1. Sort B:V80, A:V22 by Cβ crowding within 10 Å, fewest neighbours at the top.
2. Sum -39500 (n - 2.57) across every DSSP H segment of at least 4 residues in the protein assembly as shown, then divide by the residue count to get the 222 nm mean residue ellipticity, nearest 500.
3. Compute the convex hull volume of the Cα atoms of the protein assembly as shown, divide it by the residue count, and report the result per residue in Å³ as a whole number.
4. Which of the DSSP-defined H helices in chain B satisfy a minimum axial length of 20 Å, computed from C-alpha atoms, and a minimum mean Kyte-Doolittle hydropathy of -0.5?
5. For chain B, with a Gaussian network of springs between Cα atoms less than 10 Å apart, report the residue from B:L194, B:L237, B:L135 with the top mean-square fluctuation.
6. Are there trypsin sites (Lys or Arg not before Pro) in the stretch B:207-257 that DSSP marks as loop and that have at most 15 other Cβ atoms within 10 Å, and which are they?
7. Considering chain B as a Gaussian network with a 10 Å cut-off on Cα pairs, which listed residue, B:P151, B:P215, B:P246, attains the greatest mean-square fluctuation?
8. Given a cut-off of under 8 Å on Cα pairs at least six residues apart, what relative contact order in percent is computed for chain B?
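What follows draws every value from the coordinates through simple rules; no lab data is involved. Treat the numbers as computed from the prediction; the structure is a model and nothing was measured. Counting neighbours? That spans all protein chains shown, and the Cβs are built from the backbone with ideal geometry, glycine included.
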Amino acid sequence: MKLIVNGENEDLESATLADLLVTLDYEGDWLATAVNGEIVHRKDRASRVLSDHDRIEILSPMQGG
Amino acid sequence: MLELYATPVSSRLLLGTARYPSPAILADAIIVSETEILTVSLRREMARGQQGGAFFGMIRDLGRRILPNTAGCHTASEAVLTAKMAREVFGTNWVKLEVIGHQDTLQPDVFALVEAARILCAEGFEVFPYTTDDLVVGEKLLDAGCRVLMPWCAPIGSAMGPQNIPALRSMRAHFPDVPLIVDAGLGRPSHAALVMELGFDAVLLNTAVAGAGDPVQMAGAFARAVEAGRSGYQAGLLEPRDMAVPSTPVIGKAVFS
């Protein structure tokens, strides 16, 4: 399945957003996720099914002004 | 005491966390500034969750209130989504709403700003809008539900200091009961003192501290300038006059010739 993760093309077989985070080795309670421009809350990641060409954003805290 | 969305705040200096020479210098500058509110951001995590985690841990340990920003957003929808993601990560309804309208000046797109503010306020966010000194935009932001306004005084990171003092004065006069925070454009402690003397409630700094030769010392200098300006405003400033006025009383002066 073709996915775009943080702007990068990936070819992965992850059924859900939670699976994708495990596959890509993302961990931490400071991550925020969105699929196709919609926020996916932490509690909903396991039930958020991914489809071909989904655009996934995985954000985390950084310095800001 | 200053209240921002019903939260009492004793330090009138809000500090950004970007562009410091090192995390240790950032931490020291935060401590010396005595700020209670730190701005932070969200970015794509490329280091498998570790990069943001280290920064988040440090910020959490410092125990300050977090004001996440939507820096870099150019549309209302981008800013709204970023704000929602920040709320999830930082566990706060506060958001510094930035919608950039011009690449060179980083001037806010005030139309998209008002639109995003309306959406976010309706969803329970407590919005700190980065805006211009335009009174009509200020009115519209208040109509949208904002209870704080954060006008620029010069372009972000420019260190130019207040470019339009009459506009800042009229903003203060027009919104006497709204907390007004000068966000962006301050370069020196004297700039901060000046806007505090105009009656602004607080300042938000980043580059002026982070980019100084010694950011920790500069954090302290700004803290004292903000306090001095505020205290001067409260004490009642003398208005400038055209003519000299002798400070020593003339009455009772000896006549020697």
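1. Numbers: B:V80 24, A:V22 11.
Fewest to most other Cβ atoms nearby, the residues stand as A:V22, B:V80.
2. Details: 10 runs with 113 residues, N = 322.
The helix-only estimate for the protein assembly as shown comes to -10500 deg cm²/dmol at 222 nm.
3. Numbers: hull volume 51.4 nm³, N = 322.
Taking only Cα atoms, the protein assembly as shown has a hull volume of 160 Å³ per residue.
4. Values: long enough: B:76-90 (21 Å, 0.48); B:215-235 (29 Å, -0.02).
Span-like helices in chain B: B:76-90, B:215-235.
5. Highest fluctuation of the listed residues: B:L237.
6. On the way: sites: B:R224, B:R230, B:R241, B:K253; in loops: B:R241, B:K253.
Qualifying residues, ordered by number: B:R241, B:K253.
7. Between B:P151, B:P215, B:P246, it is B:P246 that shows the largest mean-square fluctuation.
8. Working: 467 pairs, mean separation 47.6, N = 257.
Contact order relative to length: 19 percent.
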